[in-house]
Amino acid sequence: MPNLRPSLATNTGGIASPNPFWLASAPPANSGRQIQRAFEAGWGGAVWKTLGVPIQNVSSRFGGHTIHGVRGAGFTNIELITDRSLEVNLREITETKRLFPKNPIIVSLMVETESQWREIIAQSIDAGADGLELNFGCPHGMCERGMGSAVGQEPAVNERITGWAVKYSTVPVLVKLTPNVSNIVPHGLAAKRGGAHGVSLINTIKSIVSVDIDRFVPEPRVATKSTNGGYCGSAVKPIALHMVASLAREKDFGLPISGIGGVSNWRDAVEFILLGSSTVQVCTEVMLRGYGVVEDMIDGLEEYMRTHGFTSIAQMVGKAIPNFSEWGDLDLNYETVAKIDADKCIGCQLCVAACHDGAHQCIHPQENTRVPRIDESECVGCNLCQIVCPVTNCIEMVQVSNGHAPASWNDFATQGAPLRPKKGAH
Amino acid sequence: MNAPLPTNRSETAFEDFKLPLLRDAAIVEANRCLFCHDAPCIKACPTAIDIPQFIRKIATDNIRGSAKTIFEANILGMSCARVCPVEVLCVGSCVYNDLEQPPIAIGRLQRFATDVAYEQGWKFFQAGADTGKRVALIGAGPASLAAAHELRRFGHACTIFEKRTTVGGLNSAGVAPYKMKADRAMNEVDWILSIGGIDVRTGITIGEHISLADLERDFDAVFIGVGLGVDSTLGAPGESLEGVHGAVEWIERMKLGMLDLSKIGRAMVIGGGNTALDAVRELRGLGVANVTMLYRGRREVMSGYVHELAAAQSEGVAVEWQSVATAFAGEGRVQRVSCLRLDDAKRPIAGSAFTLEADLVLMAIGQSKLNAMFAGFHGVEFDHGQIRVNHHGFTGRKGWYAGGDCTNDGKEVVNAAAEGKRAAHAIDAVLSGAHHHA
């Protein structure tokens, strides 16, 4: 194994960064002093909380989703873009740039008319922005005024405004995409046609995080009412990964991606990078735990790279994309069964309940031992037992040979390739 | 019907050994539970509480549902949460032990749910429609209380006869105060009796105020839940000196009243069971500087729980293993105990005599049996001093059932609760004509 110290330096659309960890445009990137503290803690870059015409916010603004006792496993907000004056924000951008010249500051923007775009872009670049991020994603408050996701949901509008920004900007332009669409690809392509240098995704997902069941009001509650918020945090990571990967594998796309959505640790970051992101943006985990979480992100990523022999982020970007396939190309003749390591088994039998009630009834209790028995002739290899098992590596999914050559549904449909007999389908 | 407790009692000096869980901590702990299938903890509970289910309900903040799950299985769930030796029951069987992670704090979670239920005054059970049948219960301890409550749910009228003035049996008068104090046990008695239709007559000794024949004549069934008798004695010289007491009797006085231990510098407890371990811990907790447990066997064979011994030793209790007391001496009251070492076959070792100073000696070597009470009462048979019952709690004499310490030689409160409930079901099956036990 090579023992070279990997470089975490990366670049998204021409915006160079000492590491791939950026603060997303959000409360942790609201002010100069905050972002300076973040850079001191080790964050590579920061996307300044969206500038525009300052707004008035409500209280309360945030809602947490507690899942099996884990607070903030999902998170929602109904906060809008910056409520601070443009002058203050611009002055702090300049000051922060002066103190941290090597850390990119990407300024998020959201205004309405072409002249407003032109003006705020010039002001941001004058202040020291290394890049711009066009906020086409905010799903609440701004979209009702014809901005945010109202733009991101209309490819033609997206393309036109992106075109303005690119025309007026002398620094790279990233377009931040909304996930509140049925298919992300046309929206990424619209940004590309507009001339964007890269995209950031995902913004938050339209949501109602919970309901106050005593007051009969959704949350977060503002006096006696609430509204839809933007869902984020660990819980949204699978949706974000899918959208990032969908663009990354689109042959007509090809733009750099800054991945966002539930990045809470180095492992999440690695997943986003392997699916095509060259940087990742983090908000919720910082809101829940503070800037200090970046230390483990950096350490963990570096150790992962060392273990796998990567010396640069570029070597990792999109590494898993060739293996993100269509269902019709999956090998229907590939067969696995679950195996229980009796020495590791603690006899909780969660696998018995899960298999009997949630899968294919092939894991059975046995006499005289708490270790269950797997009927491999019935096991469909679904993974459920392995997922519920509380003991690491106690249940393994093991490939078994069935004598059938690999064959996908497409092979079967087009060439009549022979398929193995079904299991558990009686 | 319950004699009022003095507020100032020796036992009130104690704090809880296991602290209660606050709501947030309870929810965190509850969320650790794996919700095992066919869970080992349920099997380890004599009352078979659906533990994963009650814990899941705590995790979802459904505390009322949680408490109902507990009480449905064990009406003494509040006291059992405090006094059960969970280390050798539910908690000891938690699968986390095999994962070398802390097992779920089942007892503390049960205490949380049941304490909330008591605080909130939730009631879960109603008496059944009156059947016109009457059941007598002898003794007002956990076994009879569990039986009576269950019988009331079936609609049978209950009368409990208790020789003391205090109701609750050893739950009130015997439980180590760092687990539960008498006032809490009496809260539980009131809570159980609030189902209504349970007539408790205290100060009634069977064979003295009422005969067995009277009971048989006046009631459709009788449940015997009399517990054990007085502390056994060694029969050694000097045992009648002042300062030598039976441990159970001493513990009762400590729990229900105020003892003066100011002149006790050294105390000895003779025995190796859980009563002995309770007594040594109680003496230390009450400020006796030097407390020694004297046990005739080796550590490996003592009947007291290992976790209780460990706690006692960590609290500074000394143990003399394989030793017996042969005589007690002192001027006016006990001051010295003559002792001998025993070999592995429990034979005295020549030349091993030694003397220990003690201002107080408690005998925790067992309790007498109550055979005499039923002498000549055909069908109620004894086996090693314990009333013999089948797996329904039936004695063999038509209409007579038994459970608790008098049938199991002194197990836990939870065993008494299970046996009382079991007998109630058997009694109901017969009284309602559904089933005949013979």
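The values are calculated or read from the model by the stated rules, or taken from the named source; none is laboratory data. Here the structure is a predicted model, which is why all the values come from computation and not from measurement. All Cβ positions, glycine included, derive from the backbone under ideal geometry; neighbour counts span all protein chains shown.
Answer yes if at least one residue in the range B:44-62 is more than 18 Å from B:ALA143 (Cβ to Cβ), within 14 Å of chain A (Cβ to nearest Cβ), part of a helix (DSSP H, G or I) and under 20 Å from the mean Cα position of the chain (by Cα), and no otherwise.
Within the range B:44-62, one or more residues are more than 18 Å from B:ALA143 (Cβ to Cβ), within 14 Å of chain A (Cβ to nearest Cβ), part of a helix (DSSP H, G or I) and under 20 Å from the mean Cα position of the chain (by Cα).
Between A:ASN393, A:ASN368, which is away from every other protein chain (no Cβ under 12 Å), among the polar types (S, T, N, Q) and without any contact (Cβ under 8 Å) to a residue 24 or more places away in the chain?
On the way: A:ASN393 fails: without any contact (Cβ under 8 Å) to a residue 24 or more places away in the chain.
Residue meeting the stated conditions: A:ASN368.
Could you check how many residues of the range A:168-186 are free of Cβ contacts under 8 Å to residues at least 40 places away in the same chain and either part of a helix (DSSP H, G or I) or surrounded by 23 or more Cβ atoms within 10 Å (Cβ to Cβ) (or both)? Before the answer, list the steps.
Within the range A:168-186, the subset free of Cβ contacts under 8 Å to residues at least 40 places away in the same chain is A:181-182, A:186.
Remaining after also requiring either part of a helix (DSSP H, G or I) or surrounded by 23 or more Cβ atoms within 10 Å (Cβ to Cβ) (or both): A:186.
Selection size over the range A:168-186: 1.
Within the group A:LEU51, A:LEU86, A:LEU90, which residue is under 19 Å from A:SER124 (Cβ atoms), buried (at least 17 other Cβ atoms within 10 Å of the Cβ) and touching a residue at least 60 places away in the same chain (Cβ under 8 Å)?
Working: A:LEU86 fails: touching a residue at least 60 places away in the same chain (Cβ under 8 Å); A:LEU90 fails: touching a residue at least 60 places away in the same chain (Cβ under 8 Å).
From the options A:LEU51, A:LEU86, A:LEU90, the qualifying one is A:LEU51.
Could you list, in sequence order, all residues of the range B:353-381 that are more than 30 Å from B:GLY287 (Cβ to Cβ) and either over 21 Å from the mean Cα position of the chain (by Cα) or without any contact (Cβ under 8 Å) to a residue 12 or more places away in the chain (or both)?
Of all residues in the range B:353-381, those more than 30 Å from B:GLY287 (Cβ to Cβ) come to B:353, B:368-381.
Hits for the range B:353-381 are B:ALA353, B:ALA372, B:MET373, B:PHE374, B:ALA375, B:GLY376, B:PHE377, B:HIS378, B:GLY379, B:VAL380, B:GLU381.
Regarding the range B:67-75, can at least one residue be identified that is away from every other protein chain (no Cβ under 14 Å) and touching a residue at least 60 places away in the same chain (Cβ under 8 Å)? Before you say what the answer is, go through the steps one by one.
Going through the range B:67-75, the residues away from every other protein chain (no Cβ under 14 Å) turn out to be B:67-75.
Right, trim to touching a residue at least 60 places away in the same chain (Cβ under 8 Å) and you get B:74-75.
Yes, the conditions are met somewhere in the range B:67-75.
Evaluate the following for A:ARG37: is it among the basic types (Lys, Arg), outside any loop (DSSP other than H, G, I, E, B) and within 14 Å of another protein chain (Cβ to nearest Cβ)?
Numbers: among the basic types (Lys, Arg): yes; outside any loop (DSSP other than H, G, I, E, B): yes; within 14 Å of another protein chain (Cβ to nearest Cβ): no.
So A:ARG37 does not fit the description; no.
Please verify whether the range B:342-352 includes one or more residues that are at positive phi, in the same structural domain as B:GLY265 (by TED's automatic domain parsing) and in contact (Cβ under 8 Å) with a residue 60 or more places away in the chain. Walk me through how you get there before you give the answer.
Keep residues of the range B:342-352 that are at positive phi, which gives B:346, B:351.
Subset that is in the same structural domain as B:GLY265 (by TED's automatic domain parsing): B:346, B:351.
From what is left, the residues that are in contact (Cβ under 8 Å) with a residue 60 or more places away in the chain are none.
No.
Where in the range A:247-330 are there helices (runs of 4 or more DSSP H), lying wholly inside it, with at least 3 residues that are in contact with a helix residue (DSSP H, G or I) (Cβ under 7 Å, 6 or more places away or on another chain) and either closer than 17 Å to A:ALA38 by Cα or of a type in the set (Lys, Arg) (or both)?
Values: elements: A:266-274, A:284-289, A:294-308, A:313-316.
Here the list reads A:284-289, A:294-308.
Among the residues of the range A:151-160, is any within 16 Å of A:SER108 (Cβ to Cβ), in contact with a strand residue (DSSP E or B) (Cβ under 6 Å, 6 or more places away or on another chain), assigned by TED's automatic domain parsing to the domain that holds A:ASN265 and not aliphatic (A, V, I, L, M)? Let's see the steps before the verdict.
The initial filter retains those residues of the range A:151-160 that are within 16 Å of A:SER108 (Cβ to Cβ), namely A:151-152, A:158.
Subsequent filtering for residues that are in contact with a strand residue (DSSP E or B) (Cβ under 6 Å, 6 or more places away or on another chain) retains none.
No; the residues of the range A:151-160 include none that is within 16 Å of A:SER108 (Cβ to Cβ), in contact with a strand residue (DSSP E or B) (Cβ under 6 Å, 6 or more places away or on another chain), assigned by TED's automatic domain parsing to the domain that holds A:ASN265 and not aliphatic (A, V, I, L, M).
I'd like the residue in the range B:9-43 that is out of contact with any Lys or Arg (no Cβ under 8 Å at 6 or more places or on another chain), within 11 Å of another protein chain (Cβ to nearest Cβ) and in a loop (DSSP other than H, G, I, E, B) and, out of all such residues, is surrounded by the fewest Cβ atoms within 10 Å (Cβ to Cβ).
B:ASP38
For every residue, the table says whether it meets (1) in contact with an Asp or Glu (Cβ under 9 Å, 6 or more places away or on another chain); (2) closer than 16 Å to A:ASP331 by Cβ.
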| residue | (1), (2) |
| --- | --- |
| A:GLN361 | yes, no |
| A:PRO365 | yes, no |
| A:ASP375 | no, no |
| A:LEU384 | no, no |
| A:PRO390 | no, no |
| A:SER401 | yes, yes |
| A:HIS404 | yes, yes |
| A:THR414 | no, yes |
| A:ALA417 | yes, yes |
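If you go through the range B:47-57 one residue at a time, do you hit one that is β-branched (Val, Ile, Thr) and without any contact (Cβ under 8 Å) to a residue 24 or more places away in the chain? Lay out the reasoning, then the answer.
Our first condition is that a residue be β-branched (Val, Ile, Thr); within the range B:47-57, this holds for B:47, B:49, B:51, B:55.
When the remaining residues are screened for being without any contact (Cβ under 8 Å) to a residue 24 or more places away in the chain, the result is none.
Among the residues of the range B:47-57, not one is β-branched (Val, Ile, Thr) and without any contact (Cβ under 8 Å) to a residue 24 or more places away in the chain, which makes the answer no.
Can you name the number of the only condition in (1) touching a Cys at 6+ places or on another chain (Cβ under 9 Å); (2) surrounded by fewer than 19 Cβ atoms within 10 Å (Cβ to Cβ) that A:PRO365 fails?
Every listed condition holds for A:PRO365 apart from (1).
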